[in-house]
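Here's the structure, in C-alpha cells; my notes come after.
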Amino acid sequence: MGYRKLTESQRAERRRADRERLEHAARALLSSEGWQRWVQVRSRNGLARYSFGNQLLIALQNPDASYVAGFRAFLQLNRCVRRGERAIRILAPMSVRDRGAERASEHAGNHADEPRRIVFRAVSVFDVSQTEPLPGTEPVPLEPPSEPIDGDSHAHLLLPLQRLADELGYGVSRGPLEGSADGWCDQSNKEIVINGELPGNAQVRVLVHELAHALGIGYREHGRRRAEVIVDTVTYIVCGSLGLDTSASTVPYVAGWGEDGNLDAIRGCAEAIDQIARRIEDSLRSHSQASADEAALAA
C-alpha cells in the first residue's frame, strides 16, 4: 500500500493534537500524583536523554516506564517489541525542506544549498517492559544495579562531583558535623561542607544535593520550601539514574502549588530541575568517558 500524502489541513490538525497532548501532559504536574509520576520517570536510567516535554508525555502514557526506545533501537539491544503492544507517542525533531524559502532562493538565483527547517512530529516508542529478548541472543543490560545508600559502591563519584564544584568556584570540605544536617552550601563564601563520617554513597547523595544549591537554587531566589523541593528532587533524580537506592527519602510533594492554575510556575520549576540534573549527570558522564579513555590508552 502506498504512502498517503497529508493535506495541509490534516497536517495542521495533527500539530494541534500534538500541542494538546503536550499541554495535557504538562498540566499533570499540577497534582502531587502527576508530579511524582514525572519524577519517577525522570530518575530512571535511559529516560534522561529525552527532552523535558517528552519526559512529560512518557510519564502520562506509561508512568512505569524505565527505558524507552524505538522499535529499531531495541533490535540493536537484542530485544524485540511484542506484537500488539501499544506505543508511547512522543515528539521528535525532523529536518524537512522549507518550500517557501526554497522558492524565494530560486527566485533570487541562489541554488547552492537546499533550505531546511526543523519540525516536530509524533513518533512511536516503547518501554523495555513491552519487549522480549531476541531468540539466541544476550540482551544488552539497560539498568544499573540498585545499590543501598549506606554502602560505598559509588564513592568513586565523589571526585568528579568535587571537580564540578571546582568548576563552579566552590571549595568542598569534609568532617564531623554536629546536629541533624549532613551538609550545607554557603553560596556567599562559595563553600560546600559535607559530613565526612557518612558512608561513601550517602556522601554522594549529600554532595549532589549541595551542588544543586550551588547551581543557583538558593532560598533568596526561590524561598526555603520551594528551593528544598527543587534540590531534593534533583538529588532523587540524579541518584536514581546512578543506581543509588534513595527510596527511604520521600519524593517531594507539591500539593497546592497549582491550585491557582499557575501552570507556567510549576512547569518552570520542573524544567529547572531537569536542567540542573542534566548538568550534574553530564559532568559525571564526561568523567566516566575520560576514565574509560585513559584505561584504554594504558591497556
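Quick check on region 182-204. Is at least one of its residues of a type in the set (F, W, Y) and closer than 20 Å to S283 by Cβ?
Within region 182-204, none of the residues are of a type in the set (F, W, Y) and closer than 20 Å to S283 by Cβ.
Just wondering, is there one or more residues in region 117-140 that are out of contact with any strand residue (DSSP E or B) (no Cβ under 9 Å at 6 or more places or on another chain), acidic (D, E) and touching a residue at least 40 places away in the same chain (Cβ under 8 Å)?
Yes, region 117-140 contains a residue that is out of contact with any strand residue (DSSP E or B) (no Cβ under 9 Å at 6 or more places or on another chain), acidic (D, E) and touching a residue at least 40 places away in the same chain (Cβ under 8 Å).
Of all residues in region 143-166, which are among the small types (G, A, S) and either free of Cβ contacts under 8 Å to residues at least 24 places away in the same chain or out of contact with any helix residue (DSSP H, G or I) (no Cβ under 7 Å at 6 or more places or on another chain) (or both)?
Within region 143-166, the subset among the small types (G, A, S) is 146, 151, 153, 155, 165.
The one that is among the small types (G, A, S) and either free of Cβ contacts under 8 Å to residues at least 24 places away in the same chain or out of contact with any helix residue (DSSP H, G or I) (no Cβ under 7 Å at 6 or more places or on another chain) (or both): S146.
Of the numbered conditions (1) modelled with pLDDT of 70 or more; (2) of a type in the set (S, T, Y); (3) over 20 Å from L168 (Cβ atoms), S283 fails exactly one; give the number of that condition.
(3)
The values are calculated or read from the model by the stated rules, or taken from the named source; none is laboratory data. Computed from a predicted structure; not experimentally measured. Please note: Cβ atoms are built from the backbone with ideal geometry, for glycine as well, and neighbour counts cover all protein chains shown.
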